[in-house]
1. Of 277, 256, 251, 196, which residue is at positive phi and out of contact with any Asp or Glu (no Cβ under 6 Å at 6 or more places or on another chain)?
2. Kindly evaluate residue 210 against the criterion of being buried (at least 24 other Cβ atoms within 10 Å of the Cβ) and within 18 Å of residue 15 (Cα to Cα).
3. Within the bounds of the stretch 238-249, is there any residue that is hydroxyl-bearing (Ser, Thr, Tyr) and under 20 Å from residue 177 (Cα atoms)?
4. Could you list all residues from the stretch 183-202 that are in a helix (DSSP H, G or I), under 11 Å from the mean Cα position of the chain (by Cα), crowded, with 24+ Cβ neighbours inside 10 Å and not hydroxyl-bearing (Ser, Thr, Tyr)?
5. Determine which member of the set 103, 59 is in contact with a strand residue (DSSP E or B) (Cβ under 8 Å, 6 or more places away or on another chain), modelled with pLDDT under 95 and closer than 28 Å to residue 261 by Cβ.
6. Working only within the stretch 72-91, note down all residues that are surrounded by fewer than 17 Cβ atoms within 10 Å (Cβ to Cβ) and either among the hydroxyl-bearing types (Ser, Thr, Tyr) or in contact with a strand residue (DSSP E or B) (Cβ under 7 Å, 6 or more places away or on another chain) (or both).
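The values are calculated or read from the model by the stated rules, or taken from the named source; none is laboratory data. For clarity, every value in this text was computed on a predicted model and none was experimentally measured. Glycine also receives a Cβ, built like all others from the backbone with ideal geometry; neighbour counts cover every protein chain displayed.
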Amino acid sequence: MLGNPSYPTYQAFLALGIAAVIALALMPLWIRILKFEGIGQQVRADGPERHLVKQGTPTMGGVIILISVVVTCLLMGKLTTELVLVLLATVATGLLGLIDDATSVTHGRSLGLTPHAKMIGLTLICVLFCLFSVNWCGVEPIVRFPGGFVIDLGVLTTTFDLGGQAFSIPWLYVAFTWLLIAGLSNAVNLTDGLDGLAGGTSMIALLIMAAVTFLCNDPNLTVFCTSCAGACLGFLWFNCYPASIFMGDTGSLALGAALAAVAVMTNTEVVSLIVGGLFIIEALSVMIQVVSFKATGKRVFLMAPIHHHFEKMGWAETKVVIRFWIVSAAFGALGLALFFQLG
């Protein structure tokens, strides 16, 4: 471990800087490799016309984000069970996204894995992460709300002997964790539609979660969160408008999983939903659009996810991105404030 662990804030900020530098150093080489191999983004055929110029832009920038996070955590963090599990969940989700990206590039279309295949992979990751968190890290199968209200999701639990140790399966909490991780992963994925949007909003959300983990006295998870934020910062140098590279599902799915996994480890699931409020709005806009069109044949938004709605209204891409960053920061401030109201 580099630095002095007696000063966790120093460790956290140093981790942010190291991850950013790693991403800044590796991304140009990665972009050249992707261009040489002809690996580029396939733009939605029904998307805004102005996005057609992005066809062929290198994708899978999430690979460098993940490398930056892993290397930084190995350098700056102590490999506790909690940190290892969060890292594994993030990397596993990123690998699922990498398969999705590779499939998309291979088939030459904007669709990768089928929703069914992607959900099977996410479900496996979510269930294993939840069970190991509860049994190895002592995570309580509860959901805490501001004001001290707590819901016990461990009331329906099966316990059996596994190698001489009791192993518990809190069925309701497993289902809740699945909804949280799979939901946030897909929500961040839906947000990744404009240059700098997912990277900037993820950086903001993970910086807020770094503060939450610090207040929960887990400096290693704080290092993890600032590493993710730093990797996003380095990535944004190349992803800002006009983007030289996109993060792809490799990055967006992983960052959503990172946010959710940290929330589970700190029992701040409700707080994470507020901190990631912008991602929730993006996902809800798609759900509302689909339900409305199927039920009435009419669309609520000009286009979903909602960031495309504002583009269709005539907003410049950069205006949408910056204003969404502001909204994300507001949600982050609200989430941090509500954290102090947890029981």
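1. Details: 277 fails: at positive phi; 256 fails: at positive phi; 251 fails: at positive phi.
Just one listed residue meets the conditions, 196.
2. On the way: buried (at least 24 other Cβ atoms within 10 Å of the Cβ): yes; within 18 Å of residue 15 (Cα to Cα): yes.
Yes; evaluated as a whole, the condition is true for this residue.
3. As a first pass, look at the stretch 238-249 and keep what is hydroxyl-bearing (Ser, Thr, Tyr): 241, 244.
If we keep only those that are under 20 Å from residue 177 (Cα atoms) as well, we get none.
No, the stretch 238-249 contains no residue that is hydroxyl-bearing (Ser, Thr, Tyr) and under 20 Å from residue 177 (Cα atoms).
4. 184, 187, 188, 189, 198, 199
5. Residue meeting the stated conditions: 59.
6. Matches in the stretch 72-91: 80, 81.
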